[in-house]
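Comments concern the structure below.
No lab work stands behind these numbers, since they all come straight from the coordinates. Everything numeric here is computed off the predicted structure, so don't read it as measured data. Here the Cβ is made from the backbone with ideal geometry for all residues, glycine too, and neighbour counts use every protein chain on show.
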Amino acid sequence: MRGLALGSGLALILALACGGGASAPAPQPVSVSISPAGASVWTGGTQAFQATVAGSTNQAVTWSVVEAAGGTISATGLYTAPDTAGSFQVKAVSAADATKSAQAPVTVSVQPPAGACNGAALGIGASLQGFLPFPADSAWNRDVSGDPVDPNSAAIIAFIGAGTGLHPDFGAGLYAGSPIGIPYTVVASAAQPKVAVTFTAYGDESDPGPMPIPATAPVEGGSGSTGDRHVLVLDRDACVLYELYRAFLQGDGSWAADAAAVWDLKANTLRPHGWTSADAAGLPLFPGLARYDEVAAGAIPHALRFTVPVSRRAYVLPATHWASSNTSASAPPMGMRVRLKAGVDISAYPAQARVVLTALKRYGMILADNGSPWYISGAPDDRWSNDQLATLSGIKGSDLEVVQMGTVYTSVPTGAAPTIPALAATPASIASGASSQLTWTTTNTTRTFITPEVGWVTGTTVTVRPTRTTTYTLEAQGPYGSATRTVQVVVTP
């Protein structure tokens, strides 16, 4: 028995030493992945790819482009696009196992001309790559350095504060935990679905959705802000600007806002008389922002946005709305423009401040909202020098002058209102998954919107694909108000 026990113990020891007879783990199969998983590149442009090999310590790969005319890729994964547009594939083959590879699609497109709207970069605070919102003759883009001074300039400047300095309401870093300035983001139509926007205050003067507002769109002041909470989104492909005031992201990805406005950046269309926007004056915010990419390029080619503590119960175009009960002729009306006097020496100012001041001499700044005196709006950017921007306070109200104003509206003018003589759906009844074409005619109209599903639309027809019976509303806007009309598309199972 002792000998048997010893033999059994020895057998156990041997079994343990040999792994109990269990087989060793099978080696992990080799696989290859590519990052990014796909890319869009301009003709002649480049894109860096990286390959990861799993199941082997040998991370080496051989790169190639599948199509003969699809461009080239270096041994390190740097792809160079061809001079012609097309869809191609880059390929990485594992050196450890030549039967294992991965491919990533590359879409090559012709780069838009310099300054084209669809050439803007994408993302939060992205560069517009030289694109200038609105036509050259827009009020925002007009050189006013030679315009006459308004006869009431001195009184208005004194009312706002002749001894008060300019203040940059933008900069680098954080203030109270949030970026300094009014943020914006640039999106592409195909990549950003439109979502519903519901209104909580000024819906009767707002543009209806849906709008391509991403859930990640930055909110002025941060997500916990109790302030204006502006959200600005530029759709570079449609060349349309969407702006929200007091915006709150909802749990389903839609947005709620006090007000919203949509702007065609290729046209000079204004809001209807008496209407506000995401800004008090009925103006767009984005074109009046100081942006770092323009300052870095050496010039701001447009007017800037500014605020005052008390405005007048009046407006001048391009504004369409007042936000005051003060009727004093010395108070500034919304839309009023001031400029830096030509004789003010700005040569000693640091580079960033000097670019801003040069723009104030040429294009001036337009009153857009009530706030602090001589506060100039801009977009946050960590490349700003707050020290350089702070020197703007050396320019006082007395260094400014009011550019001669046109008609000062103290009452909302009236005129021919929009009408919608016809709105039809063809066919009016469809099977689920089919489409219907909405067509309409309007008069005295500058802009049209279709809700739900569509939003801002040009022309007089649009195709819709409802998944259930839906009533569509057409809203037509013009200089003197708006009109609506509805049509139903019945969806049968």
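So here's what we get for this one:
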item: The range 123-402: radius of gyration over Cα atoms, expressed as a fraction of 2.2 N^0.38 Å; result: 0.95
item: The range 349-413 - convex hull of the alpha-carbon atoms, volume per residue in Å³; result: 130 Å³
item: Percent of beta bridges antiparallel (DSSP, the chain, rounded to nearest 5); result: 75 percent
item: Label-point separation, Thr327 to Thr57 (7 Å along Cα→Cβ), nm; result: 8.9 nm
item: Residues listed by number, the range 80-101, amide nitrogen under 18 Å from Ser64 label point at 7 Å toward C-beta; result: 80, 88-101
item: Two-decimal Rg/Rh across the range 31-109, once Rg and the Kirkwood Rh are taken from alpha-carbon atoms; result: 0.98
item: Exposure proxy ranking, count of Cβ atoms within 10 Å, fewest first, for Leu283, Leu423; result: Leu423, Leu283
item: Residues Met405, Met211 arranged by fewest to most Cβ contacts within 10 Å; result: Met405, Met211
item: Evaluated at q = 0.08, 0.11 Å⁻¹: base-10 log I(q)/I(0), Debye formula over Cα of the chain; result: -0.62, -1.01
item: Eligible lysines near Lys396 by straight Cα distance, threshold 28 Å, same-chain separation 8 or greater; result: Lys341, Lys361
item: Cα gyration tensor of the range 419-492 - equivalent ellipsoid semi-axes, whole Å, descending; result: 23, 10, 9
item: Order of Trp456, Trp63 under a 10 Å beta carbon neighbour criterion, fewest first; result: Trp63, Trp456
item: Additional length obtainable on full extension of the chain from Tyr480 to Thr226, 0.36 nm per residue less Cα span; result: 88.1 nm
item: Sequence-separation-based contact order of the chain, relative, with Cα cut under 8 Å and 6+ spacing, percent; result: 13 percent
item: Anchor Lys100: lysines whose Cα lies under 16 Å away (excluding residues fewer than 8 positions away in-chain); result: Lys91
item: Cβ-derived FRET efficiency at R0 25 Å, Tyr175 paired with Ala299, nearest 0.05; result: 0.40
item: Principal axis dimensions, the range 78-204 - Cα atoms, whole angstrom, descending; result: 81, 38, 36
item: At least 18 Å along the helix axis (C-alpha) and Kyte average at least -0.5, DSSP helices within the chain; result: 2-17
item: Spherically averaged projected area in nm², based on the convex hull that wraps the Cα atoms of the range 185-334; result: 10.0 nm²
item: Alpha-carbon Rg with Dmax, taken over the range 260-359, Å; result: 15.5, 44
